[in-house]
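These notes are about the structure you will find just below.
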Amino acid sequence: MKTLLEYSLLAVLGVLVIGSLVGALLDRPVFMSYAYSESMTPTINKGDLFFINPLDRSPEVGDVIVFRVGSTWTVHRVVAIIGDGYVTKGDNNVATDQQSHSIPPIEKDQIGGTVIAPGGRVITVPEVGNYIENGLSDRGKILLGALLIIVGILAFGSGEARRRGERKRFITLKFKTLYLLASSFLLLMIAVSIFVSWEVIPVEYSVTSAVGDREGWYGPGEEFQTEITVKNNNMYPMRYYVSAPEPVTEVSSPEFALSRGGEKDLTITITAPEVTAVYSTKVTLNAYQPLLPESIMEALYRVHPMVPLMAILAVVSAFLGVVYLLSGIGNEDAIRIRRRKRSKLKGIPEVFRL
């Protein structure tokens, strides 16, 4: 029987996972996110994962908040409150957002939550965001999945043994348990390979009256083009969808497929804004395994980038369920692992006695 602690941990993990999926669907961070830049260094370094209280949307001066300006989410500190608005600043920035970027004071409906910081110290997990952005290697995906399977086998196997009163002698695994673990591994690999293939590529440029003095300097309203390269690092083909907000006016190939190791150059056409400033336009790439017809995939993608992923996982899950039912997998033992004899010292295997 599971202890209260185990149930509590499962509940917390469930809330985090469901909250993250809901956040992805709503295009907003819910319980956690990570820093995309060094603007909050040293409090939150680039790539650091941090945790959010989405219910706290009435911060005080000194609190770190997550807020949205246009289509961009930012994590900065509240340095002043003016009326109903909040003046914000990155700890590593010289000026406030309102001074440097001419952003109006942040209103409550723009705030996604307050960053959790017990005693004023922000809780972070270093490098997680950089790992996500750089993507897992194929070997990394396999090792991650293998680790989860081993943990699952130990958990399920021990449970089977306890239920049959064989705790002292065997860890018993059943065919259905192994099938469940293998199916979970497959679904995990599909989801991971999709998520790590998603990219946000920043296109940085300046709008200035000194047109052409430096590379990447353009005049107000000037149309220019830049190129980005997409490479498929997965072990199988992927289908890509490209999206970008204004001032991007055209993408040479908004939809395309790449075989394993394939590359494609994309031409991005941008019309420079009329206001002189430094800009960073983000081009988003979403990739999926071609397990659904192109027409269906495109229709689902237009609803939301997460919808094709859910559809793919649903189709694979249904297929695995049909195989399970048709195969007639029962409760027969697949593997019986004899436990090592333990010493008289409680909890210490004899092999480790000194």
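At the residue level, residue 57 shows approximately 90 square angstrom of accessible surface with a 1.4 angstrom probe and all protein chains present.
Surface calculation, 1.4 Å probe, protein heavy atoms: residue 30 sits at approximately 30 Å² accessible. Highest mean packing first, where packing is the average number of other Cβ atoms within 10 Å per residue, the peptides 45-53, 297-305 line up as 45-53, 297-305. When the residues 84, 63, 213 are ordered by accessible surface, computed with a 1.4 Å probe over the protein chains alone, the sequence from largest down reads 84, 213, 63. Taking the stretch 241-279 and a reference point 7 angstrom along Cα→Cβ of residue 231, the backbone N atoms nearer than 18 Å belong to 257-267. Legend: calculated FRET efficiency, residue 125 to residue 303, from the Cβ-Cβ distance at R0 = 30 Å, rounded to 0.05, equals 0.40.
The values are calculated or read from the model by the stated rules, or taken from the named source; none is laboratory data. All values reported here derive from a predicted model rather than from experimental measurement. A quick note on method: Cβ atoms are made from the backbone with ideal geometry, for glycine too, and the neighbour counts reach across all protein chains shown. Ligands, DNA and RNA are excluded from the accessible area calculation, which covers all protein heavy atoms including side chains. Shrake-Rupley method; radii C 1.70, N 1.55, O 1.52, S 1.80 Å.
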